[in-house]
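Quick notes on the structure that follows.
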Amino acid sequence: MGHSEPGLERIVRVDPPKHHFTLLRNPDGDYLGTEDGERLQLFDHVDDKAIWKQLESDTFGHPASGIELHSDPHRDGHLLSHADIKVGADANPSEEAASYMAHHGPALMPSDYLATFQENGWVCLASILSPDIVDELERVSCCGRWSDRAYDRETPVLNQTAAFAQAAVEPVSLWLIRQYLSTEEIRLAHSPGLAVLTPDDGERDVQGWHSDFPYLWGITRNRDNDQRIPVGMSGELSMGVQRNICVSEFTRENGATCFKLGTHVLNSGPPEEWGTGSIYAQRGHRAAHGLPYDGPEADIIEAPAGSIILYDARTWHRAGVNRTDQRRAAILQAMTPSFLMPFGDTSMPYKQFMKGPIIDQLLKRDQTAFAELMVHKVIGPGGMGAITVDKELTGLFQA
């Protein structure tokens with residue numbers, strides 16, 4: 001039988017931030033910032049150059065350069081001026097100020113997150129999603145105050161709320177992933193989907209220790225009995241980052257992900273004695289043998305709702321066990337360089353998304369960013385082509 005009490009894992013607690021920086025976005029959703037501390041610019045990404053801090057109700061300061069903007073409230077936005085000169089929608093001086101939206105930003109500067117990520121192989125962006133987005137994700141996942149709601153299994157998940165796409169294009173975490181993977185061209189290796197962990201019954205099958213796509217150490221082997229990326233051959237350059245979005249608060253009791261932090265540098269999969277994914281994939285194994293390793297060499301990251309946990313895909317980990325009476329929700333996203341084949345077909349979910357009502361609820365910049373993550377492309381002599389699954393050809397090989 002499985003353990004009825006929590007294990008002895010080390011708890012790494014990320015507390016809710018006491019403040020957040022601000023992102024200033026023009027009507028298209030581009031990010032206002034400055035590179036030299038003199039001229040304002042628009043950016044399609046968010047690093048330190050696009051971070052602002054609200055100093056007073058009518059003033060935004062730029063931490064990286066020290067310049068300040070004056071703000072006049074306007075409907076749902078702000079009319080901005082710099083040195084008494086109005087700021088237009090293109091960030092240039094204008095006779096008429098454009099309305100900029102103040103969006104929920106990170107608690108720390110992106111460069112601080114990056115230093116932690118590169119040093120440790122993981123980082124948590126605490127409560128980086130706005131409360132409105134978190135509430136929408138809880139509503140769709142039927143968690144939190146929406147726990148009495150019936151889950152919609154008919155509507156494609158991306159078409160249930162704009163919050164899925166908005167969470168997917170959160171700009172600070174995307175910038176961090178691009179820096180960590182050393183490429184601007186990153187993609188979702190599978191469509192974003194909910195992972196809802198229901199209360200545990202003490203016997204149900206659970207996930208064993210493994211590394212994530214594209215490594216999948218501890219889970220799968222190909223026909224030559226070797227992993228997709230063989231153990232010991234991945235080198236210093238990471239081929240993947242896992243991006244866990246905490247829809248619910250993550251705690252040991254409700255099944256927060258269990259890690260062996262730092263194992264991304266080992267270039268090896270988890271040991272079989274810890275209970276690997278391939279072992280625990282056998283039906284009834286947990287009921288017969290108990291839970292996978294849950295001792296003091298393992299780590300559990302506890303984080304507030306709305307947090308994004310990024311970690312090197314080589315890191316050993318497994319799903320936790322929900323010992324509460326409430327559902328716990330997350331969104332799991334495998335991020336890889338665009339030159340890798342995806343783990344799942346994202347073309348059909350994206351085409352359904354394009355035909356649905358949600359896409360028009362996104363800002364233009366967010367529409368572009370989501371398409372870049374979801375559409376896998378190949379560029380050759382004939383130009384650019386979107387990659388999808390050929391159902392007829394697939395059928396021939398499945399026959």
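Could you check how many residues of the stretch 177-205 are of a type in the set (A, V, I, L, M) and free of Cβ contacts under 8 Å to residues at least 12 places away in the same chain? Residues flagged as of a type in the set (A, V, I, L, M) and free of Cβ contacts under 8 Å to residues at least 12 places away in the same chain within the stretch 177-205 amount to 0.
Which count do you get for residues in the stretch 289-323 that are among the polar types (S, T, N, Q) and farther than 20 Å from residue 219 by Cβ? Spell out how you get there, then give the answer.
Filtering the stretch 289-323 for residues among the polar types (S, T, N, Q) gives 307, 315, 322.
In the following step, the residues that additionally are farther than 20 Å from residue 219 by Cβ were identified as 307, 322.
Number satisfying all stated conditions: 2.
Any residue at all in the stretch 381-395 that is over 30 Å from residue 207 (Cβ atoms), among the β-branched types (Val, Ile, Thr) and not in a loop (DSSP other than H, G, I, E, B)? No. Note on the stretch 167-205: residues that are more than 14 Å from residue 308 (Cβ to Cβ), assigned to a helix (DSSP H, G or I) and touching a strand residue (DSSP E or B) at 6+ places or on another chain (Cβ under 8 Å) total 2.
In this entry, residue 90 is excluded by the filter for residues that are among the acidic types (Asp, Glu), in the same structural domain as residue 193 (by TED's automatic domain parsing) and either in contact (Cβ under 8 Å) with a residue 60 or more places away in the chain or under 18 Å from residue 17 (Cα atoms) (or both). Residues of the stretch 262-293 being over 25 Å from the mean Cα position of the chain (by Cα) and assigned to a loop (DSSP other than H, G, I, E, B), which ones? Those that are over 25 Å from the mean Cα position of the chain (by Cα) and assigned to a loop (DSSP other than H, G, I, E, B): 271, 275, 281, 282, 283, 284, 290, 291, 292, 293.
Here 70, 19, 45 are screened, and the one residue that is touching a residue at least 60 places away in the same chain (Cβ under 8 Å), outside any helix (DSSP H, G or I) and farther than 30 Å from residue 265 by Cα is 19.
Residue-level check: of (1) under 24 Å from residue 326 (Cα atoms); (2) within 16 Å of the chain's Cα centre (by Cα), residue 147 misses just (2).
Of the residues that sit in the stretch 314-348 and are aromatic (Phe, Trp, Tyr) and touching a Phe, Trp or Tyr at 6+ places or on another chain (Cβ under 8 Å), which one is nearest to residue 301 (Cα to Cα)?
Residues of the stretch 314-348 aromatic (Phe, Trp, Tyr): 316, 339, 343.
Right, trim to touching a Phe, Trp or Tyr at 6+ places or on another chain (Cβ under 8 Å) and you get 316, 343.
Working: 316: 13, 343: 26 Å.
Out of the qualifying residues, it is 316.
For the stretch 331-361, a residue qualifies if it is under 15 Å from residue 240 (Cα atoms) and not small (Gly, Ala, Ser), and the qualifying residues are 332, 333, 335, 336, 337, 339, 340, 341, 342, 343.
Here is a yes/no grid of residues against (1) touching a Pro at 6+ places or on another chain (Cβ under 7 Å); (2) among the small types (Gly, Ala, Ser):
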{"residue": "73", "(1), (2)": "no, no"}
{"residue": "78", "(1), (2)": "no, no"}
{"residue": "85", "(1), (2)": "yes, no"}
{"residue": "89", "(1), (2)": "yes, yes"}
{"residue": "119", "(1), (2)": "no, no"}
{"residue": "122", "(1), (2)": "no, no"}
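For the stretch 329-354, the set of residues classified as surrounded by fewer than 18 Cβ atoms within 10 Å (Cβ to Cβ), closer than 25 Å to residue 139 by Cβ and hydrophobic (A, V, I, L, M, F, W, C) consists of 332, 348, 354, listed by residue number. The set of residues from the stretch 310-342 being closer than 12 Å to residue 258 by Cβ and of a type in the set (A, V, I, L, M) comprises 319, 321.
Go over the candidates 398, 282, 326 one by one and state the one that is in contact (Cβ under 8 Å) with a residue 60 or more places away in the chain and either surrounded by fewer than 20 Cβ atoms within 10 Å (Cβ to Cβ) or more than 20 Å from residue 247 (Cβ to Cβ) (or both). Please lay out each step first, then the result.
On the way: 398 fails: in contact (Cβ under 8 Å) with a residue 60 or more places away in the chain; 282 fails: in contact (Cβ under 8 Å) with a residue 60 or more places away in the chain.
Being in contact (Cβ under 8 Å) with a residue 60 or more places away in the chain and either surrounded by fewer than 20 Cβ atoms within 10 Å (Cβ to Cβ) or more than 20 Å from residue 247 (Cβ to Cβ) (or both) holds for just one of 398, 282, 326, which is 326.
If you go through the stretch 355-376 and keep only what is more than 21 Å from residue 172 (Cα to Cα) and buried (at least 16 other Cβ atoms within 10 Å of the Cβ), you end up with 358, 359, 376.
Would you kindly identify the strands (runs of 3 or more DSSP E) lying entirely within the stretch 75-163 that contain at least 1 residues that are β-branched (Val, Ile, Thr)? So that I can check it myself, show each step before the final result.
Values: elements: 77-82, 99-104, 122-125.
Because the criterion is at least 1 residues that are β-branched (Val, Ile, Thr), the strands (runs of 3 or more DSSP E) in the stretch 75-163 that meet it are 122-125.
The values are calculated or read from the model by the stated rules, or taken from the named source; none is laboratory data. Being a predicted model, the structure only gives us computed values, none of them experimental. Cβ: placed from backbone, ideal geometry, glycine included. Neighbour counts: every protein chain shown.
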